[in-house]
Amino acid sequence: MNAHARAQILLREDADGIATLTLNRPEARNPLSEAMLAALSETLAEIAADHSVRAVVLAAAGPVFSAGHDLKEMSARRADPDRGRAYFADILGRCSGVMQQITALPQPMIAAVEGTATAAGCQLVASCDLAVAGEAARFCTPGVHIGLFCSTPMVALSRNLSAKHAMEMLLLGEMVPAQEAARMGLVNRVVPAGEASTEAKRLAAVIASKSAATVKVGKRAFYEQREMGLKAAYDHASAVMVENMLARDAEEGIGAFMEKRQPKWRHS
């Protein structure tokens, strides 16, 4: 999409190895519209190739983190000859692609949530590697109320929450307060309202201080082994660790530990 248009709806600020992205359509409740999905996809692709970025924080302007899909945009396509079938498949595929980009991103991504994150907006939070919530934040997968089960958000939820907690959110469609979301495992920690971005950036700074190569290897291996059976997961993790052990940063880090000094990362 046009670079100027993208910059208007998705702000990006880089500092000290941390890229902060801000969903910036507060008047529309930061929907995952065609334009927003395109902006996220293009920006994530750029960040993936940017070795100066060590961690990413995802925040949002206004009182709503994200209300999910733009239902007005989607409903308008019911007038298509196929009643919108092709368009619905395309937009849901684009959204799923962005969620998978987050998982595949070499850098860890941390959601900083204030306000509400609903439907695909909740999916976006669940797709991030870590999440921090302000104490007034709330989370919901309310599709069941309008006859549209949150099936794609279910993929991310079921990989973060226990089966019972995920099904509770999906079947009841009720708002989940921040503290309860933390208990369920949807967010890592809850902070005073208005401080989610500050805490997310603090976590990002800790991550940015580590070997970028090691973090990249570890994040990728985590998601790969999670989809495997127990033996296959151990075999895969062992193979990854052998290669990691032979990396220059592992040699430097272990040497620094034994010599009681700070490591000097080469990020390789």
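Laboratory data are not the source of any read-out in this text; all were calculated from the coordinates shown. Predicted model only: the values in this text are computed from it and were never measured. Backbone-built Cβ (ideal geometry, glycine too); neighbour counts: all protein chains shown.
Using just the alpha carbons, could you tell me how many Å³ per residue the convex hull of segment 101-239 encloses?
Numbers: hull volume 14.5 nm³, N = 139.
Looking at segment 101-239, the number lands at 104 Å³ per residue.
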Quick numbers on segment 1-68, Rg and Dmax over C-alpha atoms in Å, give 11.7, 34
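Over the chain, what is the relative contact order in whole percent, taking alpha-carbon pairs under 8 Å and six or more residues apart?
On the way: 473 pairs, mean separation 42.8, N = 268.
Here the relative contact order equals 16 percent.
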Gyration tensor (alpha-carbon) shape descriptor, segment 15-119, a/c threshold 1.5 = oblate
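How much length is gained on full extension from E252 to Y234, taking 0.36 nm per residue of separation minus their Cα-Cα distance?
On the way: separation 18, 0.36 × 18 = 6.48 nm, distance 2.53 nm.
Result for the pair: 3.9 nm of gain on full extension.
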The rounded separation in angstrom of the Cα centers of segment 42-116 and segment 7-36 is 10 Å
Lysine-lysine proximity count for the chain, Cα under 18 Å, sequence distance 8 or more or distinct chains | 5
Contour minus Cα-Cα span, D50 to K260, at 0.36 nm per residue, comes to 72.4 nm
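Could you work out the Rg to Rh ratio of segment 72-147, with Rh taken as the Kirkwood radius (inverse of the mean 1/r over all Cα pairs)?
Details: Rg = 15.0 Å, Rh = 14.2 Å.
Reported Rg/Rh (Cα atoms, Kirkwood Rh): 1.06.
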Where only alpha carbons of the chain are counted, the Rg and the Dmax (Å) = 19.4, 71
Treat each spin label as a single point 7 Å out from the Cα along the C-beta direction, and report the A3 to R78 distance in nm.
-> 4.1 nm
So what does the Cα-only Debye profile of segment 212-258 read at q = 0.16, 0.18, 0.25 Å⁻¹, as log10 I(q)/I(0), no solvent term?
-> -0.47, -0.57, -0.87
How big is Rg to Rh over segment 173-222, alpha-carbon atoms, Rh as the Kirkwood inverse-mean-distance radius?
-> 1.10
Of all trypsin sites (Lys or Arg not before Pro) in segment 217-268, which ones are in loop regions per DSSP and have a Cβ with at most 11 other Cβ atoms within 10 Å?
-> K260, R261, K264
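Run the numbers for F222 and R85: contour at 0.36 nm per residue of separation, minus the present Cα-Cα distance, in nm.
Numbers: separation 137, 0.36 × 137 = 49.32 nm, distance 3.51 nm.
Here the answer is 45.8 nm.
Can you work out the FRET efficiency for the pair S209 and E168, with r the C-beta to C-beta distance and R0 = 30 Å, to the nearest 0.05?
On the way: r = 37 Å, r/R0 = 1.25.
The pair S209/E168 has a calculated efficiency of 0.20.
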